[in-house]
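The values are calculated or read from the model by the stated rules, or taken from the named source; none is laboratory data. Since this is a predicted model, take the numbers as computed values, not measurements. Glycine also receives a Cβ, built like all others from the backbone with ideal geometry; neighbour counts cover every protein chain displayed. The accessibility values were calculated without ligands, DNA or RNA, using every heavy atom of the protein model including side chains. Shrake-Rupley method; radii C 1.70, N 1.55, O 1.52, S 1.80 Å.
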Amino acid sequence: MADDHLPIVEIPKNAGRTLHWRSEDDTAAFARALAASPALRDAFIALHGDLGAGKTTFVRHLLRALGIQGRIKSPTYAVVEPHEAPDGLAIFHFDFYRFNDPREWDDAGFRDIFAGPGLKLAEWPENAAGRTPTADLAIKIEAMTDDTRSVALLANTPRGSDLLARVGA
Ligand SMILES: Nc1ncnc2c1ncn2[C@@H]1O[C@H](COP(=O)(O)OP(=O)(O)O)[C@@H](O)[C@H]1O
Ligand SMILES: [Mg+2]
């Protein structure tokens with residue numbers, strides 16, 4: 001089974017939450033809460049949702065909250081955009097939208113990145129299903145209106161549960 005086809009039967013009842021972001025301010029506030037969690041440092045967060053749902057926007061708010069300054073490029077063409085927070089935290093922002101060459105997984109060092117320390121964030125994780133480890137936290141963003149988002153959070157690991165508890169979700 002692909003990692004992001006979550007095995008519903010094995011998920012504890014308290015592992016999932018649904019939030020409502022009324023505007024991008026709520027998205028930013030959630031990102032700040034997550035950024036304040038120590039469990040984030042070596043976490044892998046999978047971001048699900050259609051084009052335009054707000055995955056990249058959420059990542060940008062999270063990177064800002066972690067102290068990343070300057071222009072934040074979207075990794076769509078590069079597949080991964082690495083960042084380093086002022087405190088030394090390595091952050092890898094993946095976008096697997098155009099990922100279709102399995103050889104790239106090893107050749108571009110993605111295997112090493114996922115095996116190493118740092119925060120990994122991935123848009124379109126389903127395109128790398130079976131290669132990535134299980135996401136600690138899966139976030140599924142769905143656009144309701146222009147500005148509002150329905151957000152499903154699913155913790156798959158103790159670290160993910162820790163993150164959920166930390167954001168008060
Ligand atoms: N509450 C919200 N959270 C995130 N994005 C929002 C929100 N409200 C409006 N938006 C807008 O929706 C768009 C989302 O685009 P983007 O983040 O690139 O989506 P994705 O990466 O999922 O394809 C952006 O233009 C963003 O400003
Ligand atoms: Mg995007």
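May I ask you to give the percent of accessible area on the chain that is carbon plus sulfur, with a probe radius of 1.4 Å? Display every interim value, and only then the final one.
On the way: 4270 of 8780 Å².
Carbon-and-sulfur percentage of accessible area, whole number: 49.
Jot down the radius of gyration and Dmax of the chain, Cα atoms only, both in angstrom.
14.9, 43
Would you calculate, for the chain, the mean residue ellipticity at 222 nm contributed by helices, counting each DSSP H stretch of 4 or more residues as -39,500 (n - 2.57) and dividing by all residues, to the nearest 500? Don't jump to the answer; show the numbers that get you there.
On the way: 5 runs with 43 residues, N = 169.
That comes out to -7000 deg cm²/dmol.
Using 0.36 nm per residue, how much length does the chain from ALA90 to ALA108 gain when fully extended, once their Cα-Cα distance is taken away?
Working: separation 18, 0.36 × 18 = 6.48 nm, distance 1.69 nm.
Computed gain between ALA90 and ALA108 is 4.8 nm.
Each label point is 7 Å from the Cα along the Cα-to-Cβ direction; what then is the distance between the points at THR134 and SER74, in nm?
Result: 3.2 nm between the two label points.
Calculate, for region 103-169, the solvent-accessible area per residue in square angstrom, rolling a 1.4 angstrom probe over the heavy atoms of the protein chains.
48
Report, as a whole number in µm² per second, the diffusion coefficient that Stokes-Einstein gives for region 109-169 at 25 °C and 0.890 mPa s using the Kirkwood radius over alpha carbon pairs. Show your work: numbers first, answer last.
Numbers: Rh = 13.2 Å.
Estimated via Stokes-Einstein, D reaches 186 µm²/s.
State the antiparallel share, in %, of DSSP beta bridges confined to the chain, rounding to the nearest 5.
On the way: 18 of 31 bridges.
Of all bridge pairs located within the chain, approximately 60 percent are antiparallel.
How much length would be gained if the chain were fully extended between ALA143 and ASP101, taking 0.36 nm per residue of separation minus their Cα-Cα distance, in nm to one decimal?
On the way: separation 42, 0.36 × 42 = 15.12 nm, distance 2.98 nm.
Extra length available between ALA143 and ASP101 comes to 12.1 nm.
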